[in-house]
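Remarks on the structure that follows.
The values are calculated or read from the model by the stated rules, or taken from the named source; none is laboratory data. Model, not experiment: these values are computed from the prediction. Cβ placement follows ideal geometry from the backbone for every residue including glycine, while neighbour counts extend to all protein chains displayed.
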Amino acid sequence: MSLIKPFSYLPSEHETEKASNSYLMSLIAVVAGMPLPIINLFATLFFFIGNRKSTYFVRWHCTQALVSQLTLLFINSAAFWWTISIMFTEETITTKYIAYMLTVIIFNITEFVVTIYTAIKTRKGIHVEWWFYGTFTHLICKR
Amino acid sequence: MLKSLFQFAIIVALFFLIWFGFSKVNWYKIFRIEKVTKSTEEKLGNLYWDIISKSEEEVKTLAILKPIDSLVSKLCASNDIDEKKLKIHIVNKDVINAFALPNNHLVIYTGLISSCENEGELLGVLGHEISHIQKNHIMKKLVKETGLALLISITTQGGDGGAVQETLRMLTSSAYDRKLETEADMTSVDYLINAKVNPEHFANFLYRLSSGEENIPKQLYWISTHPESKVRAEEIVHYIKKKKFETKQILGSDSWNNLKIKIKDL
């Protein structure tokens with residue numbers, strides 16, 4: 001899921017703190033206990049906008065934190081609206097629904113663990129690239 | 001770019017693979033959902049019927065039970081419905097109503113039978129209620145509107161309190177969601193066609209009762225609890241326009257008239 005790779009330069013203490021915070025932003029909704037999946041995305045988006053003129057190391061990690069939220073946004077939104085339709089329409093709980101919710105939980109827990117791990121490593125100045133998200137961030141975040 | 005797309009495809013594939021794998025597991029059995037729902041349904045059905053049977057008079061006359069049984073048997077046999085599971089109760093009450101209860105109880109009021117002009121009309125209504133049973137609409141409605149927790153507590157309390165009366169009232173005198181009602185109507189039409197009964201009679205019944213209430217001196221429960229009957233009648237007519245069907249009487253005119261006389265004599 002994530003790989004420790006060398007970065008093109010050694011980031012300063014100030015940069016590692018900001019980069020680490022970008023991951024913590026994506027956990028804000030969990031901390032606030034809010035079930036709406038969009039909150040995570042907004043938090044990381046605002047942090048990304050706030051740091052778009054920052055150094056490469058900070059921008060790179062803000063971007064990775066942001067794009068990692070996108071896939072979760074889709075699967076969490078589907079879970080959210082599926083649950084709402086079960087509560088308010090004639091839709092019922094099916095094996096497919098239970099299976100979907102368990103899959104969503106696994107993906108969310110994985111993302112949660114990797115986010116905390118990355119935040120800790122990044123704070124120490126270690127560059128962590130996620131599977132797919134890291135590759136994608138390299139495509140859209142230029143020096 | 002290609003590497004990124006490839007990795008994304010693997011993530012998507014992994015997601016669907018896990019979902020597919022989990023959906024092969026019988027979570028209902030693991031979480032005991034099926035068992036709890038089934039036993040709750042059985043208890044609720046018996047509880048509701050106990051309440052009704054204490055306050056209403058159940059018809060035991062063979063001359064009435066037999067023809068109704070013949071009609072239901074034909075409908076079930078033509079549609080692969082297990083007739084043995086149906087618990088049919090005919091209640092002597094001058095009210096146009098029929099309703100399904102949990103655990104396959106089907107209650108028919110004599111007022112409904114006497115208001116039907118032919119066996120097709122009666123079978124249309126019965127087919128509608130049987131399709132609610134077949135498609136598990138009753139428990140869906142109860143769980144949706146009251147919650148499984150309350151239903152389980154009703155069964156464990158043994159029928160005391162207002163909740164049981166309230167949920168029974170909901171089943172006997174309120175309609176299901178419009179979508180479920182339409183589904184039951186169309187399924188009933190299919191049942192009738194398979195049983196070689198003219199489904200137009202069902203549409204006629206709905207149309208006649210919704211448009212001519214002043215001529216019918218009985219309480220129109222089934223119609224008042226199933227609003228938009230005219231629209232439903234039109235939908236049925238539209239649905240059967242495309243269908244080809246042959247018809248054959250099940251009871252015959254004499255038996256049908258005899259049934260109505262017996263009901264009048266009760």
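Here are the numbers:
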quantity	calculated
For B:LYS179: the one exception among (1) closer than 18 Å to B:GLU235 by Cβ; (2) surrounded by 15 or more Cβ atoms within 10 Å (Cβ to Cβ)	(2)
Scope the stretch B:1-25; condition exposed (fewer than 12 other Cβ atoms within 10 Å of the Cβ) and over 30 Å from A:ILE140 (Cα atoms); matching residues	B:LYS24
Qualifying position, being basic (Lys, Arg), modelled with pLDDT of 90 or more and surrounded by fewer than 21 Cβ atoms within 10 Å (Cβ to Cβ), among B:LYS84, B:LYS144	B:LYS84
Per-region count, the stretch A:45-65, residues of a type outside the set (Ser, Thr, Tyr) and either without any contact (Cβ under 8 Å) to a residue 40 or more places away in the chain or outside any helix (DSSP H, G or I) (or both)	9
Pair list, Cβ under 6 Å, 6 or more apart: the stretch B:139-153 residue under 14 Å from B:PRO102 (Cα atoms) and within 11 Å of chain A (Cβ to nearest Cβ), other residue part of a helix (DSSP H, G or I) and modelled with pLDDT of 75 or more	B:MET139/B:GLU41
Test result for A:THR137, in contact with a strand residue (DSSP E or B) (Cβ under 9 Å, 6 or more places away or on another chain) and either of a type outside the set (A, V, I, L, M, F, W, C) or within 10 Å of chain B (Cβ to nearest Cβ) (or both)	yes
Condition check for B:TRP49: away from chain A (no Cβ under 14 Å) and either under 30 Å from B:ASN258 (Cα atoms) or among the hydrophobic types (A, V, I, L, M, F, W, C) (or both)	yes
Cβ pairs under 9 Å, 6+ apart, first in the stretch B:233-251 and within 26 Å of B:ILE113 (Cα to Cα), second of a type in the set (Gly, Ala, Ser) and in a loop (DSSP other than H, G, I, E, B)	B:LYS248/B:ALA195; B:ILE250/B:ALA195
Output for the stretch B:53-71, where each listed residue is in contact (Cβ under 8 Å) with a residue 60 or more places away in the chain and in a loop (DSSP other than H, G, I, E, B)	B:VAL59, B:THR61
Among (1) in contact (Cβ under 8 Å) with a residue 24 or more places away in the chain; (2) surrounded by fewer than 18 Cβ atoms within 10 Å (Cβ to Cβ); (3) of a type in the set (Lys, Arg) - the single one B:LYS43 does not satisfy	(2)
Flag if B:ILE216 is at pLDDT 80 or above, at negative phi, touching a helix residue (DSSP H, G or I) at 6+ places or on another chain (Cβ under 7 Å) and surrounded by fewer than 21 Cβ atoms within 10 Å (Cβ to Cβ)	no
Candidates B:ILE81, B:ILE64, B:ILE30, filtered to the one that is on the phi < 0 side of the Ramachandran plot and within 14 Å of another protein chain (Cβ to nearest Cβ)	B:ILE30
Hits in the stretch A:84-106 (condition: in a helix (DSSP H, G or I) and more than 7 Å from every other protein chain (Cβ to nearest Cβ))	A:ILE84, A:SER85, A:ILE86, A:MET87, A:PHE88, A:TYR97, A:MET101, A:VAL104, A:ILE105
Matching option when the condition is in contact with a helix residue (DSSP H, G or I) (Cβ under 9 Å, 6 or more places away or on another chain), more than 14 Å from every other protein chain (Cβ to nearest Cβ), of a type in the set (D, E, K, R) and part of a helix (DSSP H, G or I), among B:LYS3, B:LYS74	B:LYS74
Selection within the stretch A:115-133 - under 12 Å from the mean Cα position of the chain (by Cα) and within 13 Å of chain B (Cβ to nearest Cβ)	A:TRP130, A:TYR133
